[in-house]
1. Considering only protein heavy atoms and a 1.4 Å probe, what is the carbon-and-sulfur percentage of the accessible area of segment 186-286?
2. Arranged from highest to lowest average of other beta-carbon atoms within 10 Å per residue, in what order do the peptides 81-94, 226-239 appear?
3. Pop out the carbon and sulfur fraction of the accessible area of segment 40-159 as a percent, whole number, probe 1.4 Å.
4. If each of residue 86 and residue 151 carries a label point 7 Å out from its Cα toward its Cβ, how far apart are those two points in nm?
5. Below 12 Å, Cα to Cα, which aspartates and glutamates can residue 243 reach? Residues fewer than 8 away in the same chain don't count.
6. Taking the highest mean first, how do the peptides 128-136, 62-70, 176-184 order by number of other beta carbon atoms within 10 angstrom per residue?
7. Going highest first, how would you order 71-77, 262-268 by mean Cβ packing within 10 Å?
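The values are calculated or read from the model by the stated rules, or taken from the named source; none is laboratory data. Note that this is a predicted model, so its numbers are computed, not measured. Note: ideal-geometry Cβ built from the backbone for every residue, glycine included; neighbour counts use all protein chains shown. The protein model used for the area step is the full one, side chains on, heavy atoms only, and it has no ligands, DNA or RNA in it. Shrake-Rupley method; radii C 1.70, N 1.55, O 1.52, S 1.80 Å.
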Amino acid sequence: MRWPALCLLLLLLLLLMPAGAGAQSTMPRTDADALPVPAEPRPEAPAPVPGETVVAGLSSDSVSITADFDGSDILIYGAIRRESPIPDGPPLQVIVTVEAPSAGLTVWRKERRAGIWVNADAVRIGAAPGFYAVATSAPLDDILLPEWDSRYRISLSTAMRAFAGEIAVESTVPYTEALIRIRRNEGLYRLDEGSVSVIDQTLFRADISLPANLVEGTYKTRIFLLRDGQVVDVFLAPLNVRKVGVERWLYRLAFDQPLLYGIMSLAVAVLAGWGASAAFRKLRRP
């Protein structure tokens, strides 16, 4: 009875030995093999650009044009909100623009013919703002790259939207420069470099002067944050310019009822002429 039991025990041991050897072969055999294999170095990822956004406001969001309106001043102020410290490198720059509604117009070039100045060639501009002011914290060419200027149409020369109709001249540059020169002389186009104050790259303010010959409409105020000549953030705010009082009533009357407005204008002219004539005759009497 002992031999069968012993044979059975040996058979069980033989069956268990291959399983144990197989399990042992999967383990590391030496300490050197047990060390972890170093991973290949990953390419260094670029540092994230810290976000900077504008928080701004206007001293007034509306301008009222009355009979004695001789211009107005708008204060634009704000701060830069950040989620990280101020980055190293060139300081932050700020550009503020105020733009009136655009309208199409024709720019003519005069020529002297037979002793008389007459209109010669012309360029039709699809849209040009009636008023456009640019205020910067530094010289515009030093803080704004040309490609970003073309993208956002910030400078005076890029404020013209497009040319309408067929262009029959060799270059449109003299015509746009002439328009800018004329409207700058009228105070409607202005570039104020260095007029924006920036404190500690966090706070800023700009004073925009509005002339007396403003056109009515909703103006667009834009504030640009720039670093290395590139636009980081843009803030938009509307500015409503409206005629009020008698000026508003006459303005609407001229557009809504032009016949009545013409009759009233003729009557006022007749009364003014008759009154001046009567006063002159009375003064001539001894």
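1. Numbers: 4000 of 6410 Å².
Exposed carbon and sulfur together represent 62 percent of the surface.
2. Numbers: 81-94: 13.3, 226-239: 15.7.
Taking the mean over residues of other Cβ atoms within 10 Å, the ranking is 226-239, 81-94.
3. Values: 3610 of 6940 Å².
Accessible surface attributable to carbon and sulfur in segment 40-159 totals 52 percent.
4. My value for the distance between the label points is 2.4 nm.
5. Once the sequence-local aspartates and glutamates are set aside, what remains near residue 243 is 68, 216.
6. Working: 128-136: 23.2, 62-70: 13.2, 176-184: 15.8.
The peptides rank, most packed first, as 128-136, 176-184, 62-70.
7. Answer by packing, highest mean first, reads 71-77, 262-268.
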